[in-house]
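**Student:** One structure coming up, written as structure tokens, with questions to follow.
The values are calculated or read from the model by the stated rules, or taken from the named source; none is laboratory data. As the structure is a computational prediction, the values presented were derived from the model and not from experiment. In this analysis, Cβ positions are derived from the backbone assuming ideal geometry, glycine residues included, and neighbour counts consider all displayed protein chains.
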Amino acid sequence: MTRRVSLAGRVVLVTGASSGIGLAVAAEAATDGAHVVLVARDLVTLHAAGAACERAGAATVEVHAADVADDPAIARVVADVVATHGRLDVVVNSAGVVAYGRTEDVPPEVFEGVVRTNLLGSATVARHVVPVLRRQDEGTLVLVGSVIGHIAVPTMSAYVVSKWGVRALARQLRIENRDRPGMHVAYVAPGGVDTPIYQQAATVVGTEGRPPPPVASARRTGRQVLARVGRSHARPQLALTNEVIRLGFTAFPRLYDAIITTSFRLGATDLDRPTPPTDGNVLASRPERNALHGDQGSALVGILRNVRTSVRTGRRPESGR
């Protein structure tokens, strides 16, 4: 892993900071002695995350309850941070939500909610952060995407569309800001990460999602994200297997489609955790499930359980029917 620059004394703003990758990024920045600014929808879990950052050694900690797609709220957050610190050095936009279901089955408000948070939220953050970084001619905006922003998978169309959009946004921002050589726009694409996002997801497929193997820890992913600070053109994929999957999707599309329709249900869902239709945390925060890690255990054991369940119930893995 590339050695990251020291964040001691720098102002680091993280969205989605109350859970998962965002929480890990904030904690890692705190260990460097950064001034950490945490943004998420739920204030109670934000305060808990802030306390953890203080214990980890943050120079200062402040929290802001805001939805990343709420333009006036994000404008106020950025303005407050700049007024307090006089600058903004690193912004990591990792707020994200998931919905499981075929395109025509996901309720329209849920589909739009996923796109609103993941894609429009990224654009909203950029809208208010980029002018600050341009004035400084210094600093980094990191947009957290996904390997799913480079491929297609069954029953995740809202997430796929949103993350393809995040990748396009990052590329667009680089083009628009080439005249500021000290400013960086980085994009990262994690694979499977052990976070609660799968259990917090909206779903209409009847089962809970799970991170596909190989599964990285949230802390490892947080370190990888911060290693992109100051490196606009660093390799975006955070796992070697991401590159293999992308190659299959691009070079062998018919074979990829045949494999993914079977392997996704066995490797990226939990057939032993039936779940009624739910909006998850797409439309509103579910703070009781905010945490650094998920609780779904070994990916290999999960796959073996899924195979057993499919054989026992006679369900076809590619359809779930």
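**Student:** Considering only residues that are over 15 Å from Gly9 (Cβ atoms) and among the small types (Gly, Ala, Ser), look in region 57-72 and name the one that is nearest to the chain's Cα centre (by Cα).
**Tutor:** So, considering only residues that are over 15 Å from Gly9 (Cβ atoms) and among the small types (Gly, Ala, Ser), the one nearest to the chain's Cα centre (by Cα) is Ala69.
Residues checked against (1) at pLDDT below 95; (2) within 27 Å of Gln296 (Cα to Cα); (3) crowded, with 24+ Cβ neighbours inside 10 Å:
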| residue | (1), (2), (3) |
| --- | --- |
| Asp89 | no, no, no |
| Ala95 | no, yes, yes |
| Val98 | no, yes, yes |
| Gly191 | no, yes, no |
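**Student:** Exactly one condition in (1) surrounded by fewer than 21 Cβ atoms within 10 Å (Cβ to Cβ); (2) in contact with a helix residue (DSSP H, G or I) (Cβ under 7 Å, 6 or more places away or on another chain) is false for Asp179; which is it?
**Tutor:** (2)
**Student:** Let me ask something else. Write out, first by first residue and then by second, each pair whose Cβ atoms fall under 7 Å of each other, whose residues are 6+ apart or on separate chains, and whose first residue, in region 57-75, is free of Cβ contacts under 8 Å to residues at least 40 places away in the same chain while the second is of a type in the set (Ser, Thr, Tyr).
**Tutor:** Matching pairs, first to second residue: Gly57/Thr31.
**Student:** I'm told Pro196 meets every condition in (1) farther than 24 Å from Thr31 by Cα; (2) in contact (Cβ under 8 Å) with a residue 60 or more places away in the chain; (3) out of contact with any strand residue (DSSP E or B) (no Cβ under 9 Å at 6 or more places or on another chain); (4) not small (Gly, Ala, Ser) except one. Can you identify the failing condition by its number?
**Tutor:** It fails just one condition, (1).
**Student:** Then there is this: Pull up region 193-214, narrow it to residues that are over 14 Å from the mean Cα position of the chain (by Cα) and either aliphatic (A, V, I, L, M) or closer than 30 Å to Gly139 by Cβ (or both), then point me to the one that is surrounded by the most Cβ atoms within 10 Å (Cβ to Cβ).
**Tutor:** Ala202
**Student:** Ok, one more. Six or more apart or on different chains, Cβ under 7 Å: which pairs go from a residue in region 31-55 that's in a helix (DSSP H, G or I) and at pLDDT 95 or above to one that's surrounded by fewer than 20 Cβ atoms within 10 Å (Cβ to Cβ) and among the aliphatic types (A, V, I, L, M)? Could you list them?
**Tutor:** So the pair list comes out as Thr31/Ala56; Leu43/Ala65; Leu46/Ala65.
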